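What follows is a single structure, written as structure tokens, with notes after it.
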Amino acid sequence: MGRSTPTLRQATDTLVERFSRMKSCMRSSDMEWFDALIRMGRKHSPEISEAGLDPETGFFISALMEILKKMDDLTQSDKV
Amino acid sequence: MNHLFNVTGADRLILWHMDHDRIRKTWVNNTTWIFVSGSAYDLEFLSRQLDLVNWVRYSWDAQSDIYGLLKGIRIDLRPSRIKMMIEAIETIGYGRKFMVYNGDINPSLRYLSENNLTLFPIESLMSADLVPEIVTIDGKMSRNGLKSIAMDGKNLDPSRRESYGEIEERIRESSIVVYGNFGKQSESILRKVGDFGSGKFQPRVIPGSSFESYGQVHYNCNRISIPGKICIESSSFMFSEAGLNGLVELSRISSMPLETASLITPGTAVSALEVSYALRKGVLVPLYKNDHEGEKTIREMLATDRGGLVLQPDPGLYEDVHEVDFSSMYPSIIVRHNLSPETLSRDRGMQIPGTPYRVNKAKRGFLSEALQGLLERRLFYKSVKHLNRIYARRDIALKWMLLTSFGYTGYKNAKFGKIEVHEAITATGRWALTRAMRLAESMGFSVIHGIVDSLWITGNGDVNQLLSKILEETSIDIVVDGHYSWILFLPSRSGTGSLNRYIGLRTDGSFKVRGLDARRHDVPEISKRFQHEAMELLKNCATKTAIAEKRREYYALKRRFSENIRSFPDEDFYLMVSPSQHMEDYAVRNMSRIVMSKWKSMGYEINPGEDVLVKVVNWKMRLVEPVDGPGGIDYGFYGKYLERAAEPFDYLMQCVTKSGSGNRPNKSLYLFSE
């Protein structure tokens, strides 16, 4: 019934699973940063899905947007 | 009042009436017809073949399906001969030359629809149901057989022969038998009634089966049929969801007899409603759908083959939040945007956002027309459901039908379904939610979360003004479903916001909970008890400060549960296990496999989807027993359930104790934490 193609969230899960293999040879101190990046990459799944982008491109656009937001937050707090 | 409440049979139909508390049955000879279309040459050939059969009467005719007028042959015959006739036509036409219509319709439904009759008729939507006498039979089984019997809520002694005589008498007086048979108790009771009594009510047992629906495996237990009675199994989906009033409503609007209505899924009920509507309007119903998916590029398919819009919430605690909900969103889209297989094309009408499809609004669509009555009826009962339990139950039945009416448009065998309609509905739904988001943002709100037809917003705007604006732009009714003092969106294991796990305190003091143990059926009662007590503790805490002040009490509650876990009654540790596959198919020795294996050793076979109540005696040794079996409770095992039950509330406490963190106290989860 209904749809037959995987959702973008499902496609991103597969992508993240592939990326996560990196963790096996990663320093423990880096793992936290890696996890944070993954969270940022997932953040904009609905919008990426709406645009019909491929999951990989979508993942990096999402992560970059979140990094920009955080940079802006830091700049604002510096001004204060 | 002569009140029709059941129709059974095929060639000779029996109409069951209630006439001043008396049940009358009348017999009707039933003849019916099928319609065959095809090319003039092929139809001519078919008619010559039909001339050779002396019991067939046919005529040349022109009738309409949802797309327009068709010329063909109408063949009049008895319902019992339809199947044989269709097989012959398919053989003559090599299975591809003819289209057969009205060939597989339930005889009762067809008779009712063509004669414009209704089961359980009511004078107005507010009228009560007139239902014949009902007897309820249930009981409990032990390993040695019947342990107890309950008839109409009264306990009877299973060892006394008179008990079965009493049951037989009540069955004789009643037209409807509601029975519980998940442990095969009613089978056992009714067999004894048949053996010890007059033998008139000897039950026929139809074996149960497992089935999958929306990714979940369910089990239909053995069904019982008693001659001359309407038998309803109490765990059947619609009866357990909406009770007898809901089932009666389903029967009334789908024209399906009550017993059949109790056995079918809401999707089949929607299909029956559509077929009934078609018959009442004189529209042909195809035997096999010929509405294949149109050609599309892979890019088009990826762009259109999508579901509803689900946003990604930031986990955390939010204050003063409104939840706004589109009422029956997808059915409303079908009705208000005129979506139907015959109104949708690529070249005519209004463009549907995000799809290559257009909808022709000049002509009323069949699906949109057929569902309009159902939608209006549901919106009516939704508005009055607080007045009476009957209306609330009718509302539940109609809600389920409307929910499945959308999914049914994408089902390959749906008589009036088409995948493009399904895609157009979800696309319009995504457009409507996005419009609602934009309007909310432009009117002073910020959007926290959104799931298909609901939005959670916070801000200082005027909510009522927002709702009017959304209705004006989308033509879909929208209401405030809840005003929360606070709502907590929980993090998922990956650290992002979980889409459907949240807990919110409404301004009226009630909680709305989704995805927590308190609502799950596969956790022990102790987990639920803990979460309910935690909510009870917080029910008057409308602000973050108030929650923070309860911190000590909350941790005391947590300690009380973990330290005194042994003092709780055994029932609080019973676990409901529902295996989703056969024992041999489990690759690992998990709980389901262990339980199935244990039961097998006791001589019972558990079917996929069947629920079993167990207790864990020693998890390290993988020792699981029936709840009345030997052994104690593995408190260490259940302690982990308690820890998991506390996680959402621990997170809540963490949110309220972080200083200056605004609406997102969990910023530490993000890369640049303050």
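At-a-glance table
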{"quantity": "Residue that is over 35 Å from the mean Cα position of the chain (by Cα) and crowded, with 16+ Cβ neighbours inside 10 Å, where the choices are B:G197, B:G180, B:G208, B:G165", "calculated": "B:G197"}
{"quantity": "Residues of segment A:57-80 satisfying the condition of being among the small types (G, A, S) and either touching a residue at least 12 places away in the same chain (Cβ under 8 Å) or more than 9 Å from chain B (Cβ to nearest Cβ) (or both)", "calculated": "A:G58, A:S62, A:A63"}
{"quantity": "Subset of segment B:278-291 that is in contact with a Lys or Arg (Cβ under 7 Å, 6 or more places away or on another chain) and in a loop (DSSP other than H, G, I, E, B) - its residue that is farthest from the other protein chains (Cβ to nearest Cβ)", "calculated": "B:V285"}
{"quantity": "Complete set of residues in segment B:223-238 that are out of contact with any Ser or Thr (no Cβ under 9 Å at 6 or more places or on another chain) and surrounded by 14 or more Cβ atoms within 10 Å (Cβ to Cβ)", "calculated": "B:I226, B:S235"}
{"quantity": "Residue list for segment B:157-176, filter: more than 17 Å from B:D138 (Cβ to Cβ), of a type in the set (D, E, K, R) and in a loop (DSSP other than H, G, I, E, B)", "calculated": "B:R160"}
{"quantity": "Of residues in segment B:313-351 being of a type in the set (V, I, T) and under 24 Å from B:S485 (Cβ atoms), the one farthest from the other protein chains (Cβ to nearest Cβ)", "calculated": "B:V321"}
{"quantity": "Number of the exception - B:K184 against (1) under 30 Å from B:M18 (Cα atoms); (2) of a type in the set (K, R); (3) in contact (Cβ under 8 Å) with a residue 40 or more places away in the chain", "calculated": "(1)"}
{"quantity": "Among residues of segment B:461-495, those that are within 14 Å of another protein chain (Cβ to nearest Cβ), in contact with a helix residue (DSSP H, G or I) (Cβ under 9 Å, 6 or more places away or on another chain) and on the phi < 0 side of the Ramachandran plot, counted", "calculated": "2"}
{"quantity": "Positions within segment B:542-570 being under 30 Å from B:V321 (Cα atoms), in contact with a strand residue (DSSP E or B) (Cβ under 8 Å, 6 or more places away or on another chain) and either without any contact (Cβ under 8 Å) to a residue 40 or more places away in the chain or assigned to a helix (DSSP H, G or I) (or both), in sequence order", "calculated": "B:K544, B:I547"}
{"quantity": "Subset of segment A:8-23 (residues that are touching a Phe, Trp or Tyr at 6+ places or on another chain (Cβ under 9 Å), within 11 Å of another protein chain (Cβ to nearest Cβ) and under 27 Å from B:G308 (Cβ atoms))", "calculated": "A:T12, A:V16"}
{"quantity": "Given (1) under 30 Å from B:L77 (Cα atoms); (2) touching an Asp or Glu at 6+ places or on another chain (Cβ under 6 Å); (3) among the hydroxyl-bearing types (S, T, Y), number of the condition B:T118 does not satisfy", "calculated": "(2)"}
{"quantity": "Count of segment B:422-438 residues which are buried (at least 17 other Cβ atoms within 10 Å of the Cβ) and touching a Ser or Thr at 6+ places or on another chain (Cβ under 9 Å)", "calculated": "11"}
{"quantity": "Residue selected from segment B:519-532 under the condition touching a residue at least 24 places away in the same chain (Cβ under 8 Å) and either within 21 Å of the chain's Cα centre (by Cα) or over 29 Å from B:D634 (Cβ atoms) (or both), by the criterion surrounded by the most Cβ atoms within 10 Å (Cβ to Cβ)", "calculated": "B:D522"}
{"quantity": "Residue in segment B:40-67 that is surrounded by the fewest Cβ atoms within 10 Å (Cβ to Cβ), counting only those that are among the charged types (D, E, K, R) and not in a helix (DSSP H, G or I)", "calculated": "B:R57"}
{"quantity": "Given (1) surrounded by 19 or more Cβ atoms within 10 Å (Cβ to Cβ); (2) within 30 Å of A:T12 (Cα to Cα); (3) free of Cβ contacts under 8 Å to residues at least 40 places away in the same chain, number of the condition B:L505 does not satisfy", "calculated": "(2)"}
{"quantity": "Matching residues, segment B:221-259, being over 18 Å from B:I396 (Cα atoms), out of contact with any Phe, Trp or Tyr (no Cβ under 7 Å at 6 or more places or on another chain) and either among the aromatic types (F, W, Y) or outside any loop (DSSP other than H, G, I, E, B) (or both)", "calculated": "B:R223, B:S225, B:I230, B:E259"}
{"quantity": "When residues of segment B:292-312 are limited to those that are assigned to a loop (DSSP other than H, G, I, E, B) and within 26 Å of the chain's Cα centre (by Cα), the one farthest from the other protein chains (Cβ to nearest Cβ)", "calculated": "B:G308"}
{"quantity": "Members of segment B:90-111 found to be of a type in the set (A, V, I, L, M, F, W, C) and out of contact with any strand residue (DSSP E or B) (no Cβ under 6 Å at 6 or more places or on another chain), listed by number", "calculated": "B:I92, B:I105, B:L109"}
{"quantity": "Those residues of segment B:106-120 which are under 26 Å from the mean Cα position of the chain (by Cα) and of a type in the set (D, E, K, R), in sequence order", "calculated": "B:R110"}
{"quantity": "Flag if B:I73 is under 27 Å from B:F366 (Cβ atoms), touching a residue at least 12 places away in the same chain (Cβ under 8 Å), touching a strand residue (DSSP E or B) at 6+ places or on another chain (Cβ under 6 Å) and assigned to a strand (DSSP E or B)", "calculated": "yes"}
{"quantity": "Set A:D54, A:D30: member being exposed (fewer than 15 other Cβ atoms within 10 Å of the Cβ) and within 10 Å of another protein chain (Cβ to nearest Cβ)", "calculated": "A:D54"}
{"quantity": "Unique match (being closer than 21 Å to B:V248 by Cβ and among the aromatic types (F, W, Y)) among B:Y58, B:Y67, B:Y111, B:Y101", "calculated": "B:Y111"}
{"quantity": "Answer residue from segment B:382-421, given it is more than 18 Å from the chain's Cα centre (by Cα), within 12 Å of chain A (Cβ to nearest Cβ) and buried (at least 19 other Cβ atoms within 10 Å of the Cβ) and is farthest from B:D291 (Cα to Cα) among those", "calculated": "B:V421"}
{"quantity": "Yes/no for B:L642 being at pLDDT 95 or above, under 27 Å from B:G515 (Cα atoms), away from every other protein chain (no Cβ under 14 Å) and not in a loop (DSSP other than H, G, I, E, B)", "calculated": "yes"}
{"quantity": "Subset of segment B:241-270 (residues that are within 14 Å of the chain's Cα centre (by Cα) and polar (S, T, N, Q))", "calculated": "B:S262, B:T265, B:T268"}
{"quantity": "Count of residues meeting criterion [of a type in the set (K, R) and at pLDDT below 95] in segment B:1-52", "calculated": "3"}
{"quantity": "Residue that is surrounded by the fewest Cβ atoms within 10 Å (Cβ to Cβ), among those in segment B:439-449 that are away from chain A (no Cβ under 13 Å) and of a type in the set (A, V, I, L, M, F, W, C)", "calculated": "B:M443"}
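The values are calculated or read from the model by the stated rules, or taken from the named source; none is laboratory data. Every value quoted in this text rests on a predicted model; they were computed, and no experiment measured them. All Cβ positions, even for glycine, are placed from backbone atoms using ideal geometry, and neighbour counts span all protein chains on display.
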